[in-house]
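To start, the structure under review is shown below, and the notes come after it.
What follows draws every value from the coordinates through simple rules; no lab data is involved. Keep in mind that what you see is a predicted model, and the values were worked out from it rather than measured. Cβ placement follows ideal geometry from the backbone for every residue including glycine, while neighbour counts extend to all protein chains displayed.
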Amino acid sequence: MKREEALAIVRKQLKEQRYIHTLGVMETAVELAALYGADVQQAELAAIFHDYAKFRSKEEMKHIIIEQQMPQDLLMYSPELWHAPVGAYLVQTEVGIQDEHILNAIRYHTSGRPNMTLLEKIVYIADYIEPNRSFPGVDDVRALAREHIDRALLRALQNTIRFLMGKNEPIYPDTFHTYNDIAKKLKGVGNS
Ligand code: DGI
Ligand code: FE
Ligand code: FE
């Protein structure tokens, strides 16, 4: 699918600010894909569709999570997490994207998961650092992202976990699992 066609499809699903965010994620994901030698077209499409389900109702998302036998523990955590796996499903069924690499990058863009692919990391980080984002620490992750993607990912996960804990929010286990996976790999735990 071509960029313009994909953008026209996603634009109808999103409010203006979210569409602008999506353009930022697209631009950043393309840049990171070129930098790290990932497939630029996959990165572009995954970024364009990453927030496809952002404005679906909680009821619809909950129904899909149950009906499609997605991990049911999602329902015990913030609905903010739901648009990622539900988005992957809707992008497959409504838009017709069948590329599992793209669908997984959408599916795991909010929580991450252990053993993330390069494409999944790129979409996760691009979502976090795209030019319209402004929150404490984002510039550090922007710089790290161009140097060492795993160090950028670790920092983004630390910031997210810290931010959520500061609000007394429950943390979805996969968010911790992703953090632990990257932290261990960076330390070389298990290699000795
Ligand atoms: O959809 P975006 O706003 O572009 O970004 P996102 O898909 O990373 O979603 C961020 C939201 O998800 C934000 O409100 C924090 C929330 N979130 C991310 N990880 C977790 C989480 N919420 C809970 N409760 N637990 C998590 O592990
Ligand atoms: Fe999102
Ligand atoms: Fe996003």
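With each run of n ≥ 4 DSSP H residues scored as -39500 (n - 2.57), what mean residue ellipticity at 222 nm is computed for the chain after dividing by its residue count and rounding to the nearest 500 deg cm²/dmol?
Computed ellipticity for the chain at 222 nm equals -19000 deg cm²/dmol.
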Check your understanding: Ranked highest first by average number of other Cβ atoms within 10 Å, how do 168-179, 84-95, 2-13 line up?
Key -> 84-95, 168-179, 2-13
Check your understanding: Within the stretch 71-112, whose backbone N sits under 15 Å from a point 7 Å along Cα→Cβ of Ile161?
Key -> 111-112
Exercise for review: Quick one: divide the alpha-carbon radius of gyration of the chain by 2.2 N^0.38 Å and tell me what you get.
Suggested key: 0.98
Exercise for review: About the Cα centre of the chain, how large is the charge dipole given +1 on each Lys and Arg Cβ and -1 on each Asp and Glu Cβ? Please answer in debye to the nearest 20.
Suggested key: 440 debye
Review point. How far is the Cα center of the stretch 1-76 from the Cα center of the stretch 114-185, in Å?
Key: 17 Å
Practice item. Determine, for Phe49, Phe135, the number of other Cβ atoms within 10 Å of each Cβ, and report the residues in order from fewest to most. Key: Phe135, Phe49
Exercise for review: Can you figure out the FRET efficiency of Met76 with Leu35, using R₀ = 25 Å and their beta-carbon distance, to the nearest 0.05?
Suggested key: 0.10
Revision key, fill the gap. Taking a ≥ b ≥ c as the square roots of the Cα gyration tensor eigenvalues, with a/c under 1.5 meaning rounded and otherwise prolate when a/b beats b/c or oblate if not, the stretch 105-157 comes out prolate
